[in-house]
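Colleague: Here you go, one structure.
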Amino acid sequence: MKIVIIGAGQVGGTLAENLVGERNEITLIDTNSEILRELQDKMDLQVVTGHGSHPDVLKKAGAEDAELVIAVTSDDSVNMIACQICYSLFNTASKIARIRSAKILKYQEQLFQNDNIPVDHVIAPEQLVTRDIARLIDYPGALQVLEFAGGKVSLVAVKAYYGGLLVGHALSTLREHIPNIDTRVAAIYRNGKPIRPLGTTVIEADDEVFFIAATIHIRAVMNELQKLEPAYKRIMIAGGGNIGAGLAKMLEKNHQVKLIEHTPKRAAYLASELNDTLVFVGDSSDQELLVEEHIDQFDVFIAVTNDDEANIMSSLLAKRLGVRKAMVLIQRSAYIDLVHGSNIDIAVSPQHATISALLTHVRKGSIDNVYSLRGGAAEAIEIVAKGNEKSSKVIGRAIASLKLPPGTTIGAIVRDEEVVIAHSNTVIQAEDHVILFLVNKKYISDVEKLFYVDPLQFF
């Protein structure tokens, strides 16, 4: 596929890295020639220096015959104008724009149409991050919660602890522990390295376990791997930007929420907009302030300012002062690795959330959802089985007979309203939503080929 990416920042560069490895023809546009040169030295792609919203620059980048244009600069206006030009001048088939402004997103349905601003898919990082953090609040103890098939099934990452009922036992005993609930372990990471989950695999303390189950059964399965934590009730949010404000609005109905905002004007605005959140002005890394606000009595401290260093420091301070859990928003991917192993419980990356959303629209075939995992090394995908037994390589076949790439696991199938946990003898039917976990994303093209059906042969 010929793809033009506008913006070579962290999102644009990471996206290009993901797509280049899948035999796509990528051209990257940015005003910073030095960054472009560095990326071109590392990857097999074309680069064009210039403004992504200028017609001559887009033409030079090949927008005339590109199948897809993805505008992910830090400027919403540039992203929207680039999509407009690609539609008006070059008739580009598909256009994706990253939009961050809440004031623009408020009118998303009216704005983003071909008659107005021709953007086919809008990616809103702040909304994605807010959703991800809210899911983690719903499932205390989870490291990640990924929903598929409209929320019917979830893939959850947890850390196995001493005291978990399954710790020290083989996976085959899971059914004995919870006989009325079907689940499957999709992957296990031990000391940072993936191991293949077999019935004889023994779960050890500190293993990172990815399991899949019907969403209504998630808590029961989590209880097998770690002592089930009580629900989060008292939450402190540091940062009153779009993410902080969105989280407070989402959580205040069922939780006691306090929000720290550095700017008095913004704090006053939030206090008028939020109904049950206590907003106050201050510095979230001020030890005296946190002590005065009894941080040790809170269940979760969530740092979501636009400053990575401030988020990390305030979260470490909150943990030292006794908060139960600390979550931190981190923009720079290098910092995420530094946080692992520290006292901070969970690091949330807007880049990873954005890349996942973008890949959902870029992947070929009938892919409904993509989640980038483990720093981009692994992926979880939801793909719809199209065609029939004659035209498809998967329909009418048992999972054991499929030639899945190495390290690829089918975890579950959603068939109409039914969640079917995958086993070796499970047979895939037409229109099944198949949930797969890939330990190594380099095999994604093999999965796409396995499920690919010529549209003329669907019926």
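Colleague: Evaluate the following for Thr31: is it open to solvent by 60 Å² or more (accessible area, probe 1.4 Å), of a type in the set (Val, Ile, Thr) and either modelled with pLDDT under 95 or touching a His at 6+ places or on another chain (Cβ under 8 Å) (or both)?
Modeller: Spelling it out, Thr31 is indeed open to solvent by 60 Å² or more (accessible area, probe 1.4 Å), of a type in the set (Val, Ile, Thr) and either modelled with pLDDT under 95 or touching a His at 6+ places or on another chain (Cβ under 8 Å) (or both).
Colleague: Count, please, the residues in the range 363-383 that happen to be open to solvent by 10 Å² or more (accessible area, probe 1.4 Å) and hydrophobic (A, V, I, L, M, F, W, C).
Modeller: 2
Colleague: Still on this model: Mind telling me which of the residues Ser401, Ser391 ends up being open to solvent by 40 Å² or more (accessible area, probe 1.4 Å) and out of contact with any strand residue (DSSP E or B) (no Cβ under 7 Å at 6 or more places or on another chain)?
Modeller: Ser401 is the lone residue from the list that is open to solvent by 40 Å² or more (accessible area, probe 1.4 Å) and out of contact with any strand residue (DSSP E or B) (no Cβ under 7 Å at 6 or more places or on another chain).
Colleague: Now for a different question. Collect the residues in the range 83-131 that are of a type in the set (A, V, I, L, M, F, W, C), touching a residue at least 24 places away in the same chain (Cβ under 8 Å) and in a helix (DSSP H, G or I), keeping them in residue-number order.
Modeller: Cys83, Ile85, Cys86, Ala102, Ile104, Leu128, Val129
Colleague: While we're looking at this one, here's another question. Within the range 302-311, can you find the residues that are among the hydrophobic types (A, V, I, L, M, F, W, C) and open to solvent by 20 Å² or more (accessible area, probe 1.4 Å)?
Modeller: If the condition is that a residue be among the hydrophobic types (A, V, I, L, M, F, W, C) and open to solvent by 20 Å² or more (accessible area, probe 1.4 Å), then Ala310 is the only one that fits.
Colleague: Would you mind finding the one in Ala149, Ala170 that is of a type in the set (Gly, Ala, Ser) and within 27 Å of Val129 (Cα to Cα)?
Modeller: Checking each option against the conditions leaves just Ala149.
Colleague: Of the conditions (1) modelled with pLDDT under 95; (2) closer than 18 Å to Ile330 by Cα; (3) not aromatic (Phe, Trp, Tyr), Ala303 fails just one. Which one is it?
Modeller: That leaves (1) as the condition not met.
Colleague: Within the bounds of the range 265-285, is there any residue that is under 18 Å from Gln144 (Cβ atoms), among the hydrophobic types (A, V, I, L, M, F, W, C) and open to solvent by 40 Å² or more (accessible area, probe 1.4 Å)?
Modeller: No, because not a single residue in the range 265-285 is under 18 Å from Gln144 (Cβ atoms), among the hydrophobic types (A, V, I, L, M, F, W, C) and open to solvent by 40 Å² or more (accessible area, probe 1.4 Å).
Colleague: Restricting to the range 217-274, name every residue that is acidic (Asp, Glu) and either touching a residue at least 60 places away in the same chain (Cβ under 8 Å) or in contact with a strand residue (DSSP E or B) (Cβ under 7 Å, 6 or more places away or on another chain) (or both).
Modeller: Selection gives Glu224, Glu229, Glu252, Glu261.
Colleague: Filter the range 132-148 down to the residues that are in a helix (DSSP H, G or I), over 20 Å from Arg374 (Cβ atoms) and touching a residue at least 60 places away in the same chain (Cβ under 8 Å) and list them by number.
Modeller: Ala134, Ile137, listed by residue number.
Colleague: Does Gly52 fit the bill of being crowded, with 21+ Cβ neighbours inside 10 Å, touching a helix residue (DSSP H, G or I) at 6+ places or on another chain (Cβ under 8 Å) and assigned to a loop (DSSP other than H, G, I, E, B)?
Modeller: Answer is yes for this residue.
Colleague: Give the residue that is nearest to the chain's Cα centre (by Cα), with candidates limited to residues of the range 62-80 that are within 14 Å of Lys2 (Cβ to Cβ) and either buried (at least 22 other Cβ atoms within 10 Å of the Cβ) or basic (Lys, Arg) (or both).
Modeller: My answer is Ile70.
Colleague: Against the conditions (1) over 30 Å from Phe298 (Cα atoms); (2) touching a helix residue (DSSP H, G or I) at 6+ places or on another chain (Cβ under 7 Å); (3) not β-branched (Val, Ile, Thr), where does His361 fall short? Just the number, please.
Modeller: So the condition that His361 fails would be (2).
Colleague: A further question follows. Of the residues that make up the range 325-341, is at least one open to solvent by 60 Å² or more (accessible area, probe 1.4 Å), at pLDDT 90 or above and not in a helix (DSSP H, G or I)?
Modeller: No: the range 325-341 contains no residue that is open to solvent by 60 Å² or more (accessible area, probe 1.4 Å), at pLDDT 90 or above and not in a helix (DSSP H, G or I).
Colleague: Out of all the residues in the range 109-140, which are of a type outside the set (A, V, I, L, M, F, W, C), over 25 Å from Gly241 (Cα atoms) and modelled with pLDDT of 90 or more?
Modeller: Asn116, Pro118, Asp120
Colleague: Same structure, new question: What is the residue count in the range 95-136 for residues that are open to solvent by less than 30 Å² (accessible area, probe 1.4 Å) and over 22 Å from the mean Cα position of the chain (by Cα)?
Modeller: Residues flagged as open to solvent by less than 30 Å² (accessible area, probe 1.4 Å) and over 22 Å from the mean Cα position of the chain (by Cα) within the range 95-136 amount to 2.
Colleague: Could I ask something else about it? Which one of these does Gly13 not meet: (1) open to solvent by 30 Å² or more (accessible area, probe 1.4 Å); (2) closer than 20 Å to Ala97 by Cβ; (3) part of a helix (DSSP H, G or I)?
Modeller: So the condition that Gly13 fails would be (1).
Colleague: Oh, and also: Among (1) in contact with a His (Cβ under 8 Å, 6 or more places away or on another chain); (2) of a type in the set (A, V, I, L, M); (3) more than 20 Å from Ala357 (Cβ to Cβ), which single condition is Val158 missing?
Modeller: All conditions pass for Val158, except number (1).
Colleague: Here's a follow-up. When the residues of the range 312-324 are narrowed to those that are within 20 Å of Ala142 (Cβ to Cβ) and not in a helix (DSSP H, G or I), which ends up most open to solvent (accessible area, probe 1.4 Å)?
Modeller: The qualifying residue most open to solvent (accessible area, probe 1.4 Å) is Arg324.
The values are calculated or read from the model by the stated rules, or taken from the named source; none is laboratory data. Since this is a predicted model, take the numbers as computed values, not measurements. Ideal geometry is used to build each Cβ from the backbone, glycine not excepted, and the neighbour counts take in all protein chains shown. Heavy atoms of the whole protein, side chains included, go into the accessibility calculation; ligands, DNA and RNA do not. Shrake-Rupley method; radii C 1.70, N 1.55, O 1.52, S 1.80 Å.
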